Protein chains: 2
Amino acid sequence: MHTKPITYLTQRLAQAVDTELMSPAGGFSIDQLMELAGLAVAQAAARVFPLQPKPPGIPPTSVNRVVLCCGPGNNGGDGLVAARHLAHFGYTPIVYYPKPTDKPLFRNVTQQLRNLDVLVLGSDASSTIDSQLQHAYFVVDALFGFSFAGPIRSPFDDVIKKINESHKPVLSVDIPSGWDVEKGPMDAHGLDTPYALISLTAPKLGASGYTGIHFVGGRFVPPAMARRLGLDMPEYSGADQIVQISGLKV
Amino acid sequence: MHTKPITYLTQRLAQAVDTELMSPAGGFSIDQLMELAGLAVAQAAARVFPLQPKPPGIPPTSVNRVVLCCGPGNNGGDGLVAARHLAHFGYTPIVYYPKPTDKPLFRNVTQQLRNLDVLVLGSDASSTIDSQLQHAYFVVDALFGFSFAGPIRSPFDDVIKKINESHKPVLSVDIPSGWDVEKGPMDAHGLDTPYALISLTAPKLGASGYTGIHFVGGRFVPPAMARRLGLDMPEYSGADQIVQISGLKV
């Protein structure tokens, strides 16, 4: 468990870090960052919700079902990449992606999911989401990330409501969806406090009161950049891509 | 340790897998595949050569020095990405990259390395490579991969000779450089049998007689594709990105 002080980012600082990483001076492509972020999400999910044994006589895809709710931006893309890794880990991801982003990377990751026989549901499947949630082992909330500024627009208001009503354990990606990135759970329409959270790059101010199982992932910020921005970054162990910073040790 | 039978790929089949993954039907970008490959290389390196404690009173960069020799193609790119991850893990990578590839991804990863204060040496530093190798904890051989067809051209003949003469433990990426991808160590000018090897996607026929510490990495081949091509792929454990298939257990 990580115990040293860590900087919680304002929305503006989170955006500045992201922008600089993907600038010519930073040298990162969105493909690279999203791959590492998605892998970190999947590894956190696997740590919190270990693969369950598949009892004989029942279809193997009826256990270890994970519903990943993916939003229209990069947070949703992290969820898509996480779904691919979870499929390789042996889970059965079901992706709900009602507002697919029309960019090559997002189309291609969706194609990768189809090649793994992952069910990718669009807006036409919104009426079946309750049922998918009911059969889930856990839920990944990849609806909104550090760019979220509200209000929560349709259909995501409904998705958040259904996740809350399912009472399934949730792993949120970067910030629980609908929470203010700096102020936390302000809006009654936001996600209930999730069972687990994985902050990407560094936690955001809105998660500073979060005491659940909290990981940080996204091990790619150069120390010189962190120093220049005055950031106390989490220290990872060995070759790990995630580090736990609060909550029951998993 | 993985004990089930695994397919060793011909050069042609390795190329077919790579081509299909990056086709529109496969949906992968080179950025994604190289990121996962490079991470797997770095994680194998960290497993075989654990980070050594830094004794007080000596410069921290004088221990855990890793010389990564990177070739002109994608194998070299995997080495560059591995160097970035090794820097984050706490190693001091020194990259020798005498024939840099003039493509944005390769330029950008080199930029990422500079942002981590990683020394990236070009052809003008060839005379200092002996000295860099002498001070290395271990060497990563990322000169040639599954596309290699010989002969070994300058300056890589000399680099291989110097690695051999250094007697440092080597981790080779995909296939020991200079080995025939299908027939193994045929050429007296190739790399001596390395201490460790990480095959990417699946091992190549040329490594079938290799009995050292052998990992497979690159956990991204869809099972349906493997079945269609008749491939017995290694089975990874949990959320691991590498799996050991032979040699002393590490």
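Coordinate-derived values only; no laboratory data. Predicted model, so just to flag it, every value in this text is computed and none were measured. Reconstructed Cβ throughout: ideal geometry from the backbone, glycine too, with neighbour counts over all protein chains shown.
If you take the square roots of the eigenvalues of the alpha-carbon gyration tensor of the range B:139-182 and sort them as a ≥ b ≥ c, do you get rounded (a/c under 1.5), prolate (a/b over b/c) or oblate? Walk me through the numbers before you get to the answer.
On the way: a/c = 2.29, a/b = 1.29, b/c = 1.78.
Cα axes put the range B:139-182 in the oblate bin.
Provide the percentage of antiparallel DSSP beta bridges, counting only those with both residues in the protein assembly as shown; round to the nearest 5.
Numbers: 10 of 60 bridges.
The antiparallel proportion sits near 15 percent.
Compute the long axis of helix B:11-21 from its Cα atoms, compare it with the longest principal axis of the Cα atoms of chain B, and write down the angle in degrees, 0 to 90, nearest 10.
90
For the range B:185-198, what does the Karplus curve 6.51 cos²θ - 1.76 cosθ + 1.60, with θ = phi - 60°, yield as ³J(HN,Hα) per residue in whole Hz, taken in order and with x for Gly and Pro?
Result, rounded to whole Hz: x, 9, 9, 4, 8, x, 5, 4, 3, x, 5, 9, 9, 10.
Pick from B:VAL216, B:VAL63, B:VAL170: which is most flexible by mean-square fluctuation in a GNM of chain B where alpha carbon atoms under 10 Å apart are linked?
It is B:VAL63.
Identify, among B:GLY26, B:PHE215, A:ALA142, the residue whose Cα sits farthest towards the positive end of the charge dipole of the protein assembly as shown, taking +1 on the Cβ of Lys and Arg and -1 on the Cβ of Asp and Glu, with the dipole about the Cα centre.
Farthest along the dipole direction, towards plus: B:PHE215.
Within the range B:85-103, which residues have the backbone N less than 19 Å from the label spot 7 Å out from B:ARG114 along Cα→beta-carbon, could you tell me?
Within reach of a label on B:ARG114: B:85, B:87-88, B:93-103.
How many angstrom separate the Cα center of the range B:64-113 from the Cα center of the range A:1-62?
What the calculation gives is 23 Å, centre to centre.
To the nearest whole number, what is the average tally of beta carbon atoms from other chains within 10 Å of the beta carbons of peptide A:95-107?
Numbers: counts 0, 0, 0, 0, 0, 0, 0, 0, 0, 3, 4, 0, 2.
Taking all residues of A:95-107 together, the mean is 1.
For chain A, what's the relative contact order in percent, using C-alpha pairs closer than 8 Å and at least 6 residues apart?
Working: 493 pairs, mean separation 56.2, N = 250.
So the answer I get is 22 percent.
Give the shape of the range A:65-168 as rounded, prolate or oblate, defined through the alpha-carbon gyration tensor: a ≥ b ≥ c are the square roots of its eigenvalues, a/c under 1.5 means rounded, and otherwise the shape is prolate if a/b is larger than b/c and oblate if not. All intermediate terms of the calculation are to be shown ahead of the outcome.
Working: a/c = 1.61, a/b = 1.09, b/c = 1.48.
Oblate is the answer for the range A:65-168, as a/c is 1.5 or above yet b/c matches or exceeds a/b.
Antiparallel as a % of all DSSP beta bridges within chain A, to the nearest 5?
15
Under 15 Å from the Cβ of A:ALA188, count the other residues' Cβ atoms, weight Lys and Arg +1, Asp and Glu -1, and hand me the total. Show your work: numbers first, answer last.
Working: positive: A:LYS161, A:LYS183; negative: A:ASP157, A:ASP158, A:GLU165, A:ASP180, A:ASP187, A:ASP192.
Here the count lands on -4.
Assuming R0 = 41 Å, what is the FRET efficiency of B:THR10 and A:ASP240, from their Cβ-Cβ distance, to the nearest 0.05? Walk me through the numbers before you get to the answer.
Values: r = 36 Å, r/R0 = 0.87.
For B:THR10 and A:ASP240, the calculated efficiency is 0.70.
Below 8 Å, C-alpha to C-alpha, sequence gap of six or more: please give me the relative contact order for the range A:103-208 in percent.
Details: 147 pairs, mean separation 25.3, N = 106.
Averaging sequence separation for qualifying contacts and normalising by length gives 24 percent for the range A:103-208.
Report, in whole Å, the centroid distance computed from the Cα atoms of the range A:176-194 and the range B:116-186.
After rounding, the separation between the Cα centres reads 52 Å.
Using the crude model of +1 on Lys and Arg Cβ and -1 on Asp and Glu Cβ, and no other charge, please compute the dipole size for the range A:165-225 relative to its Cα centre, in debye to 20.
Charge dipole of the range A:165-225: 260 debye, to the nearest 20.
Using the crude model of +1 on Lys and Arg Cβ and -1 on Asp and Glu Cβ, and no other charge, please compute the dipole size for the protein assembly as shown relative to its Cα centre, in debye to 20. Display every interim value, and only then the final one.
Working: 40 positive and 42 negative charges, 91 e Å.
So the dipole magnitude of the protein assembly as shown works out to roughly 440 debye.
With springs connecting C-alpha atoms under 10 Å apart, model chain B as a Gaussian network and identify which of B:GLY26, B:GLY184, B:GLY212 has the largest mean-square fluctuation.
B:GLY26
Return a whole-number percent for the relative contact order of the range B:210-250, with Cα pairs under 8 Å and 6 or more residues apart as the contact set.
On the way: 41 pairs, mean separation 25.5, N = 41.
The value is 62 percent.
One decimal, nm, shortest first: give the distances between the label point of A:GLU235 and those of the same position in the other copies, each label point 7 Å from Cα along Cα→Cβ.
For A:GLU235, the other copies' label points sit at 3.9 nm, shortest first.
For A:THR61 and A:MET1 in one chain, what is 0.36 nm times their gap in residues minus the Cα-Cα distance, to one decimal in nm?
On the way: separation 60, 0.36 × 60 = 21.60 nm, distance 3.30 nm.
Stretched fully, the A:THR61-A:MET1 segment lengthens by 18.3 nm.
My understanding is that a pair violates if its Cα-Cα distance is over 18 Å; which of A:LYS103/A:LYS161; B:LYS183/B:LYS204; B:LYS161/B:LYS249 do that in this structure?
Working: A:LYS103/A:LYS161 28 Å; B:LYS183/B:LYS204 9 Å; B:LYS161/B:LYS249 29 Å.
Beyond 18 Å: A:LYS103/A:LYS161; B:LYS161/B:LYS249.
Taking the Cα centre of the range B:1-142 as the origin, how large is its charge dipole in debye, to the nearest 20, when only Lys and Arg (+1) and Asp and Glu (-1) carry charge on their Cβ atoms? If you can, show how the numbers build up before the last one.
Numbers: 10 positive and 10 negative charges, 52 e Å.
Here the size comes out at about 240 debye.
For the modelled label position 7 Å from the Cα of A:LYS183 along Cα-to-Cβ, which residues of the range A:2-37 have backbone nitrogen atoms closer than 15 Å?
It comes to A:11, nothing else.
How far apart, in nm, are the 7 Å Cα→Cβ label points at A:ARG107 and B:THR193?
Going by the 7 Å Cα→Cβ label model, 5.0 nm.
Sorted from shortest, what are the nm distances separating the label point of A:HIS167 from equivalent points in the other copies, each placed 7 Å from Cα along Cα to C-beta?
For A:HIS167, the inter-copy label distances come out at 6.9 nm.
Indicate the gyration tensor shape class of chain B (rounded, prolate or oblate), computed on the Cα atoms with a ≥ b ≥ c the square roots of the eigenvalues: a/c under 1.5 is rounded; otherwise a/b larger than b/c is prolate and the rest oblate. Please report the intermediate quantities before stating the final value.
On the way: a/c = 1.45, a/b = 1.41, b/c = 1.03.
Cα axes put chain B in the rounded bin.
Among bridges DSSP assigns within the range A:130-227, what percent are antiparallel (round to 5)?
Roughly 10 percent of the DSSP beta bridges within the range A:130-227 come out antiparallel.
Looking only at other chains, what is the average number of their beta-carbon atoms within 10 angstrom of each beta-carbon in A:115-121? List each step's numbers first, then the result.
Numbers: counts 11, 5, 3, 1, 0, 0, 0.
Mean partner-chain Cβ count within 10 Å for A:115-121: 3.
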